[in-house]
Structure formats: C-alpha cells, structure tokens
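**Student:** There's a structure below that I have some questions on.
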Amino acid sequence: MDNIPGGKELINSRALLEEAGLSQGMKVVDFGCGRRGHFTLQAASIIGLSGIVYAVDILKSVLENIKREAEIFGLDNIKTIWADLEVFGATKIADSSVDFVMANNLFSQIKDHLSVLIEAKRILKNGGHLLITDWKKKAAPFGPSLNQRIDKEKVKEAAGELGFKLEKEWEAGPYHWSLLFKKG
C-alpha cells in the first residue's frame, strides 16, 4: 500500500523504515507517533496484517486522529496506547515482546531521553531494533529551536551505555539524522 501520504517533504518515512529493515509480520512500536502518524501508517503498511504497530503518544487527541487515519487507509493492524514515555513501564507493553521500536522526532521534544531508551530496551526482544531519527543540530527555517535539538553523539553514548549496539547511521534527509541500534 504505497499510497499513504508520508510527509516526504522533510523525511520519506517509508524509505526510512525500509532502510531500517522493517518487514512483514513484525511487532512495532512508534514512540511519540504524532498527530499525522506518518511513521505509524507507513510501518503498518510495510508489516502487513500479520504484524502490529502500537502507536504511543501522551496526547489522547493525537491517538484519536491516528485511529481515524488508520480507518481511512484500511489499516487494521494499528493499536493506540496513551502513555507518558518519560515514566518507566507506562506503555504497559510486555517485556521483550516487540521486534522494532522507533522514536522519530521525539528526542527534540522531551527532556528525559534516558527513560525513553530504558523503555525501548524493556519492551524489545533480544536482537530487536531501535530506530531514532531526529533533527540535525543546524539552523533551519522550521522545526524545533537549536537548543531543543539533541546531538546524535549523545544519543549514541546513552544507548551504548544501556547495551544497545549501533548497527547503522545515515542522513535521513537534509534536516534529519537516523541511528539504528540492536538490543544485544
């Protein structure tokens, strides 16, 4: 289902998820799915009906919008979860139960990055992947302010301290970077 709009002007979400290795049948979690659910919808399309995407956000209105978008595109494999990702265990997803966690454009919006990484580690299976994509620390006419943007080196360091292994790093468009980690 390639006809789902993906906000390709800044990041081609489908291409990014394919580059990260998302595939049929996976259990995926989208931390901070956002109002439009660009990554949630593309992930649901890629993994198919044999997989599931948990769309997690702190705003109930966002989750209601995701439900409507899923209906419009006939995606029955999306479940919404209302949670504060800066609170350990708030997603109520079982330990070691998912294949893939993504946190896209999230770290520039929150203060407690470590809690998000710990929650990802808790719910990921051994060998599961964590994809983090966020804004480059460079001036742009849009997006979060420079002081809100996180240095990817800090993310790599924090994830490494929790036992994540960096598998891949790439430019996710002119304004974003992506890091793919494996839980080992």
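**Student:** Of K60/K138; K137/K165; K60/K183; K27/K156; K92/K138; K79/K154, which sit over 26 Å apart, Cα to Cα?
**Tutor:** Cα-Cα > 26 Å for K60/K138; K60/K183; K92/K138; K79/K154; rest within.
**Student:** Show me, for the stretch 132-142, the HN-Hα J-couplings you get by feeding each phi into the Karplus relation (A = 6.51, B = -1.76, C = 1.60, θ = phi - 60°), rounded to Hz, glycine and proline as x.
**Tutor:** Couplings: 10, 10, 8, 6, 5, 7, 9, 4, 8, x, 8 Hz.
**Student:** Taking 7 Å along the Cα-to-C-beta vector as the label spot, tell me the R35-L49 distance in nanometres, rounded to one decimal.
**Tutor:** If labels sit at R35 and L49, their model points lie 3.3 nm apart.
**Student:** Karplus couplings for the stretch 18-34 from phi (6.51 cos²θ - 1.76 cosθ + 1.60, θ = phi - 60°), rounded to Hz, Gly and Pro as x?
**Tutor:** Once θ is set to phi - 60°, the couplings for the stretch 18-34 become 5, 4, 7, x, 4, 8, 3, x, 6, 9, 10, 10, 10, 6, x, 4, x Hz.
**Student:** Only loop residues by DSSP count here, and only those with at most 16 other Cβ atoms within 10 Å; note down the trypsin sites (Lys or Arg not before Pro) in the stretch 45-95 that meet that.
**Tutor:** Counting only loop positions with at most 16 other Cβ atoms within 10 Å, the trypsin sites (Lys or Arg not before Pro) in the stretch 45-95 are K92.
**Student:** Now for a separate question. Can you tell me which of F107, F142, F88 moves the most in a GNM of the chain? Springs connect C-alpha atoms under 10 Å apart.
**Tutor:** Comparing F107, F142, F88 in the GNM, the peak value goes to F142.
**Student:** Using the Cβ atoms and a cut-off under 11 Å, what net charge is assigned to the surroundings of E69, where Lys and Arg are +1 and Asp and Glu are -1?
**Tutor:** Neighbour charge sum, excluding E69 itself: +2.
**Student:** For L130, what charge total do you get from the other residues with a beta carbon under 14 Å from its beta carbon, if Lys and Arg give +1 and Asp and Glu give -1?
**Tutor:** +3
**Student:** Could you pull out every residue, at least 5 positions away or on a different chain, whose amide H is within less than 5 Å of the one on I110? Hs are placed 1.01 Å off N in the peptide plane, and Pro or chain starts have none.
**Tutor:** Amide H to amide H, under 5 Å and 5 or more residues apart or across chains, I110 pairs with nothing.
**Student:** Where does the charge balance sit around A103 when Lys and Arg score +1, Asp and Glu -1, over other residues with C-beta under 10 Å from its C-beta?
**Tutor:** -3
**Student:** How about the stretch 130-184: which trypsin sites (Lys or Arg not before Pro) there lie in a loop by DSSP and see at most 12 other Cβ atoms within 10 Å?
**Tutor:** K138
**Student:** Here's another thing I want to ask about it. Go ahead and run the numbers for FRET between Q24 and K138, Cβ-Cβ distance against an R0 of 41 Å, rounding to 0.05.
**Tutor:** Once rounded, the FRET efficiency stands at 0.70.
**Student:** Sticking with this structure for a sec: Please list, ordered by chain and number, the residues whose modelled amide H lies under 5 Å from the amide H of K27; skip anything fewer than 5 residues away on the same chain.
**Tutor:** Answer set, sorted by chain and number: I52, D99, F100.
**Student:** How big is the chain by the Kirkwood estimate over distinct Cα pairs, in Å?
**Tutor:** Computed over Cα pairs of the chain, the Kirkwood hydrodynamic radius comes out at 16.2 Å.
**Student:** Taking θ as phi - 60°, what are the ³J(HN,Hα) couplings along the stretch 146-159 by the Karplus curve (6.51, -1.76, 1.60), each to the nearest whole Hz, with x for Gly and Pro?
**Tutor:** Ordered by residue, 3J(HN,Hα) equals 4, 6, 8, 6, 9, 6, 4, 5, 5, 5, 4, 5, 5, 5 Hz.
Values quoted throughout were computed directly from the atomic coordinates according to the rules given, and no laboratory measurement underlies them. Not measured: the values here are computed from a predicted model. For neighbour counting, all protein chains shown are included, and Cβ atoms are generated from backbone atoms with ideal geometry for every residue, glycine included.
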